Amino acid sequence: MMKIDIDRRILAVCPNVQIGLLSADVVNCETSDALWQEIENEAARIAATYQLLEINQRPAIAATRKLYKSLGKDPGRYRVSSEALCRRIIRGLGLYRLTSLIDIVNLVSIKSGYAISGLDAGKLVGDTLIMGVGEKDEQYCGIGRGLLNIEGLPVYRDAQGPVATPTSDEERTKFTLDTSKVQININAFAPEMPVDEALNWLASLLERYAQASNIETRIQTHF
């Protein structure tokens, strides 16, 4: 499991941040009907519970948006990933059916409210991820988004460079059907779903739908 360091600029705004960490060996595959039914059930609950303008008031999303604003980033233009997923659901656009690993992360994200960084551990460089702040003209290719301006976004970096933000993960370390080991970070800048509960549910989903083994979990706090 990767070590995590967090920049003091992020801790100054979110001193009670918790990061739920999970590493595991997995087998990725196309999303099964059973997993997709769990996603559709949760999507139906979200659509019945929230109006479009209420999503950004969920505690986990609101805290991440507050962090963006404090770092000089517009959270309305660079939406938190959990917010963007929930907005698609409420607008009736639905979610994309992708692979087990991606859809498991999306399911936990929409239910918990947390932006989750899902990384192919085999593509990470070094033994530490540092959550810092994106710099001007820093190269970052968001998954499905092309070049993304990450200046002012909270960003994880490994020894080679940036790999994840709460808006979009980076192409270099994305999940593919060849992914066999994962590093997943649940980014709780403020509490919503208990982080231990989210981690345990994530682990159970990975066991059921991605043949996960050698699962390790940890909650990192800074208070």
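The values are calculated or read from the model by the stated rules, or taken from the named source; none is laboratory data. This one's a predicted model, so the numbers in the text were calculated from it and none came from an experiment. With ideal geometry, Cβ positions are generated from the backbone for all residues, glycine too; neighbour counts draw on all protein chains shown. Surface accessibility is based on the protein's heavy atoms, side chains included, excluding ligands, DNA and RNA. Shrake-Rupley method; radii C 1.70, N 1.55, O 1.52, S 1.80 Å.
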Completion exercise
When every residue in region 152-188 that is under 14 Å from Gly142 (Cα atoms) and of a type in the set (Asp, Glu) is compared, the one farthest from the chain's Cα centre (by Cα) is Glu171
Problem - Output for region 125-170, where each listed residue is outside any strand (DSSP E or B), open to solvent by 20 Å² or more (accessible area, probe 1.4 Å) and either in contact with a Phe, Trp or Tyr (Cβ under 9 Å, 6 or more places away or on another chain) or under 24 Å from Leu98 (Cα atoms) (or both) - result: Ile143, Gly144, Arg145, Asn149
Exercise for the section: Please state which one of Ala190, Ala203 is within 23 Å of Cys14 (Cα to Cα), open to solvent by 10 Å² or more (accessible area, probe 1.4 Å), touching a residue at least 12 places away in the same chain (Cβ under 8 Å) and not aromatic (Phe, Trp, Tyr). Expected result: Ala190
Practice task
Could you list all residues from region 62-91 that are open to solvent by less than 40 Å² (accessible area, probe 1.4 Å), farther than 19 Å from Ala188 by Cα and free of Cβ contacts under 8 Å to residues at least 24 places away in the same chain?
Solution key: Gly76
Practice task
Answer yes if at least one residue in region 12-30 is part of a helix (DSSP H, G or I) and open to solvent by 10 Å² or more (accessible area, probe 1.4 Å), and no otherwise.
Solution key: yes
